[in-house]
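Input: a single structure, listed below in structure tokens.
The values are calculated or read from the model by the stated rules, or taken from the named source; none is laboratory data. For clarity, every value in this text was computed on a predicted model and none was experimentally measured. With ideal geometry, Cβ positions are generated from the backbone for all residues, glycine too; neighbour counts draw on all protein chains shown.
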Amino acid sequence: MKIIIVGTTYPYRGGLAAYNERLAREYSKQGHEVEIYTFSLQYPSFLFPGKTQFSGEKAPADLKIHRRINSMNPVSWIKTGREIKKKSPDKVIFCYWMAFVAPCFGTIARFARNSNTKMVALIHNMIPHEPTILDKLFPQYFVNAMDGFVVMADSVIEDVKSFDKTNKPKKVSPHPIYDHYGDALDKKTAAMKLGLHEQNSYILFFGFIRQYKGLDLLLEAFADERLRQFPLKLIIAGEFYENPEPYLHLIAKLKLDNFVELRTVFIPDNDVRNYFSVSDIVAQPYRTATQSGVSQIAYYFDKPMLVTNVGGLAEIVPHGKVGYVVDVEPEQIADALVDFYTNNRSDEFIENIKVEKQKYAWSGMTDAIDGLFSPLIPKEGK
């Protein structure tokens, strides 16, 4: 097939770019012709909360990437749609994550449409963790331009249904494992690379920091006196996407200065494995969620997880098997961490992770996308 992916990718950085690039590689591996259309301007700088939108890595030599889409310029949307239409792809996959891109994606789809092309929405979040007025105004325009939807959590299906009034095909396929960060390192090597002491135990909070991710809840839990019996530190690895002062004040108030490692910058791909390799457990105390790329990095590195019972997190982290699912409360987070270290759960969880993660292959995602319209795709020899 000829497949075009529309979404963020290099030279932009972050989990969404990594996802789209990995999806393109999976389709290429299967023998399909794949191109990616990405942004010439993704966000105006005043809308982006981090320090930079751009990757410091080298451009991927194995991917065909076109920078065409200016998110603020409708003329570029029309031109991009017409360019895609001329290529007559079998599928155009729109990797959707927020209402801000609904107008440009919806317009591209309308101008790219022809009789043999299917428009597929691959939805990360239909409604974001921090909704705005845009989430009432824009998504309908995008949804109406699609032929079918693939989501990564059951809860997102309901969000899509609230906009889709025509019962278009929908499938749930879990977020695949991020497997492009290189092999795990032994703890000693990872600690040395990060300038940490290998004798300590480490809890990892990973990814950009916003209120919905619940870092404050984790800090309150980590202050539990029961945890001071262990040589334990909390690593906070990721860039602040909001004012850091409330978190720094909370660390000081809880007297955690000597127990927290602040690595609050964007973590480049070549450094990710160091943080996961040195850590014992990955904590995601989110207030809201759909699915999580962080969980899928943890799976790749065979790391137990602690997640809160929100969105689709409990769907991918079986409680008591590969980690913990707890309520959004510091006390329950602390109880789980105490249990993990007191009862040495790590080895048991890791063995279960090695089995559980087999269900998160990238081929499962491509099968779900391809299977949306399987009755309409002719079988070989037919």
For the list (1) polar (S, T, N, Q); (2) over 22 Å from Pro304 (Cβ atoms); (3) in contact with a helix residue (DSSP H, G or I) (Cβ under 8 Å, 6 or more places away or on another chain); (4) not assigned by TED's automatic domain parsing to the domain that holds Ala18, I need the number of the one condition that Asn144 fails. (4)
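Looking at segment 299-331 only, could you name the residues that are in contact (Cβ under 8 Å) with a residue 12 or more places away in the chain, among the small types (Gly, Ala, Ser) and out of contact with any Phe, Trp or Tyr (no Cβ under 7 Å at 6 or more places or on another chain)?
The answer is Gly311, Gly312.
Just checking, does segment 55-69 include any residue being among the acidic types (Asp, Glu), surrounded by fewer than 22 Cβ atoms within 10 Å (Cβ to Cβ) and in a loop (DSSP other than H, G, I, E, B)? It would help to see each step written out before you state the result.
Initially, segment 55-69 is screened for residues among the acidic types (Asp, Glu), giving 57, 62.
Still in the list and also surrounded by fewer than 22 Cβ atoms within 10 Å (Cβ to Cβ): 57, 62.
In the following step, the residues that additionally are in a loop (DSSP other than H, G, I, E, B) were identified as 57, 62.
There is at least one residue in segment 55-69 that is among the acidic types (Asp, Glu), surrounded by fewer than 22 Cβ atoms within 10 Å (Cβ to Cβ) and in a loop (DSSP other than H, G, I, E, B).
If you go through segment 161-195 one residue at a time, how many are β-branched (Val, Ile, Thr), in contact (Cβ under 8 Å) with a residue 12 or more places away in the chain and in a loop (DSSP other than H, G, I, E, B)? Before you say what the answer is, go through the steps one by one.
Restricting attention to segment 161-195, the residues satisfying the condition of being β-branched (Val, Ile, Thr) are 166, 172, 177, 189.
Imposing the further condition that a residue be in contact (Cβ under 8 Å) with a residue 12 or more places away in the chain reduces the set to 172, 177, 189.
From the residues that got through so far, the ones that are in a loop (DSSP other than H, G, I, E, B) too are 177.
Qualifying residue count for the region: 1.
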I need every pair where a residue in segment 337-352 that is more than 20 Å from Glu225 (Cβ to Cβ) has its Cβ under 9 Å from the Cβ of a residue that is assigned to a helix (DSSP H, G or I) and of a type in the set (D, E, K, R), sequence separation at least 6 or different chains. Arg345/Asp339
Quick one: how many residues across segment 103-131 are under 19 Å from the mean Cα position of the chain (by Cα), over 19 Å from Ala24 (Cα atoms) and touching a residue at least 12 places away in the same chain (Cβ under 8 Å)? 6
Glu225 is checked against (1) closer than 23 Å to Asp183 by Cα; (2) exposed (fewer than 12 other Cβ atoms within 10 Å of the Cβ) and fails just one. What number does that condition carry? (1)
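Table: residues versus (1) under 28 Å from Glu158 (Cα atoms); (2) surrounded by fewer than 22 Cβ atoms within 10 Å (Cβ to Cβ); (3) touching a Ser or Thr at 6+ places or on another chain (Cβ under 8 Å).
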| position | (1), (2), (3) |
| --- | --- |
| Glu245 | no, yes, no |
| Asp269 | no, yes, no |
| Asn274 | no, no, no |
| Pro318 | yes, yes, no |
| Asp327 | yes, yes, yes |
| Pro330 | no, yes, no |
If you check Arg82 against the conditions, is it closer than 23 Å to Pro169 by Cβ, of a type outside the set (A, V, I, L, M, F, W, C) and without any contact (Cβ under 8 Å) to a residue 60 or more places away in the chain? no
